[in-house]
Amino acid sequence: INDFSYLHTNCFELSIYVGCDKYPHESELPEEWENNRESLIVFMEQVHRGIKGVVKDVHGKGIPNAVISVEGVNHDVRTGN
């Protein structure tokens with residue numbers, strides 16, 4: 001579903017597996033968190049990279065369904081309502 005969402009919507013979804021056990025027991029979760037905490041926090045900080053903003057008209061109103069293209073990237077995105 002992640003590839004479909006990225007290609008056909010404005011939603012970029014991720015699935016992150018940090019071990020071989022997809023459903024670890026509840027008692028194992030604190031250790032899993034400690035083993036992966038720093039790398040997950042660094043990963044979440046990456047949200048501040050790249051281009052972000054609001055597409056507005058000359059009157060400051062948002063423009064719904066505007067197409068945003070980046071040269072060299074073969075994936076346009078559209079603004080929401």
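The values are calculated or read from the model by the stated rules, or taken from the named source; none is laboratory data. As the structure is a computational prediction, the values presented were derived from the model and not from experiment. Virtual Cβ from ideal backbone geometry, glycine too; neighbours counted across all protein chains shown. Only protein heavy atoms, including side chains, enter the accessible area calculation; ligands, DNA and RNA are left aside. Shrake-Rupley method; radii C 1.70, N 1.55, O 1.52, S 1.80 Å.
Observations, loosely collected:
- Residue match in segment 64-81 (condition: part of a helix (DSSP H, G or I) and either out of contact with any His (no Cβ under 7 Å at 6 or more places or on another chain) or not aromatic (Phe, Trp, Tyr) (or both)): no
- Set Val70, Val55: member being open to solvent by less than 80 Å² (accessible area, probe 1.4 Å) and in contact (Cβ under 8 Å) with a residue 24 or more places away in the chain: Val55
Matching residues to (1) touching a residue at least 40 places away in the same chain (Cβ under 8 Å); (2) open to solvent by 100 Å² or more (accessible area, probe 1.4 Å); (3) aliphatic (A, V, I, L, M):
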{"residue": "Pro24", "(1), (2), (3)": "no, no, no"}
{"residue": "Leu29", "(1), (2), (3)": "no, no, yes"}
{"residue": "Leu40", "(1), (2), (3)": "no, no, yes"}
{"residue": "Gln46", "(1), (2), (3)": "no, no, no"}
{"residue": "Ile51", "(1), (2), (3)": "no, yes, yes"}
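- The condition of being assigned to a helix (DSSP H, G or I), of a type in the set (A, V, I, L, M) and either at positive phi or open to solvent by 70 Å² or more (accessible area, probe 1.4 Å) (or both) holds for Leu7.
- Qualifying positions in segment 11-22 - over 14 Å from the mean Cα position of the chain (by Cα), open to solvent by 90 Å² or more (accessible area, probe 1.4 Å) and closer than 30 Å to Val77 by Cα: Tyr17
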